[in-house]
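Notes follow once the structure below has been shown.
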Amino acid sequence: MLISYRHYTTAAMVDVLTMENVYFSRGNFVDQGRLHRPDTVSLRIEKCGNIGGGTVVIDCEVYNRVESIEDILNKKGFAKDEAAGKRFKQWHFSFQRTIDAGKLAGMVMAQINEAVEDMPLLMYASPAQRALADYYGFMTSSRPKIRYSDVMQHLGYWDDGKLYELDAYADDADREFFVAKYKRGRWTAWASGDLLMPLFASESEAKQYLSTRIKRVCQFRPTIATVAQAPKGCMPSVYALVDQTKNVKERMAWLRCELDRLEAQSETYCS
């Protein structure tokens, strides 16, 4: 599971957080050796109707019935559900629709980590947890970042830049991974669907970062392609703003690129 590097609305972040509900798990066996239900740390979000916001609920469920584990669970305040044959504990916090999506992701990360610390055995991170940790780590890091549209403009693809873009919610199997040379000898790396990309001092550093990200969040090992400069003469359509075949988002993206190009051109002339 991969979460695209981009700024999300709060509603979109809620969708991302609930794409999968199990964030940590650990299988266990009963005395007879029969596979039992796994112990889990899971997340669900209860939305507050049409007013926005809601409640994040972290559920910890332990089915391991080993006596020493039960003693720890008693001390940690886990309740007992005899009918389901489990111990359980719950954490929750409320949020408003006005909260920053990045802050919401951070609050979820902190609450899940707190819940995991109360679990009596080592838990294994799920694809959802690894994806969230990767996204949050990137968004809060001090590493220089660049917009996808800026890189496409620099490479000269303009409107054709969408060839390297993909919807944020696409299946991982449909994603492609790229590196490209940017200004001042720096390099960037991204997965299709990203709208923010990190900058690196060299091509090898960019590829290494992307390889590490792929190993962390993807179950497959795709190739990493290098995007070269567009052929000369690949310029933006001057009629993009009035082209009725393009949607508003595409026309706004074109306009931003064109404004950036004119500003850069102006700075060159002034210098």
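Quick notes on this one:
- Matching residues, the stretch 59-99, being closer than 14 Å to VAL14 by Cα and either among the β-branched types (Val, Ile, Thr) or touching a Ser or Thr at 6+ places or on another chain (Cβ under 6 Å) (or both): SER94, ARG97, THR98, ILE99
- Contact annotation: residue pairs with Cβ atoms under 8 Å, 6 or more positions apart or on different chains, pairing a residue in the stretch 89-100 that is open to solvent by 50 Å² or more (accessible area, probe 1.4 Å) with a partner that is charged (D, E, K, R) and part of a strand (DSSP E or B), are GLN90/ASP59.
- Tally of residues being modelled with pLDDT of 90 or more, under 30 Å from ARG97 (Cβ atoms) and surrounded by 14 or more Cβ atoms within 10 Å (Cβ to Cβ) across the stretch 45-74: 8
The values are calculated or read from the model by the stated rules, or taken from the named source; none is laboratory data. Nothing here was measured: the structure is a model prediction, and the numbers come from that model. No Cβ is skipped: glycine too gets one built from the backbone with ideal geometry, and neighbour counts run over all protein chains shown. Accessible surface is based on the protein model in full, side chains and every heavy atom, while ligands, DNA and RNA are left aside. Shrake-Rupley method; radii C 1.70, N 1.55, O 1.52, S 1.80 Å.
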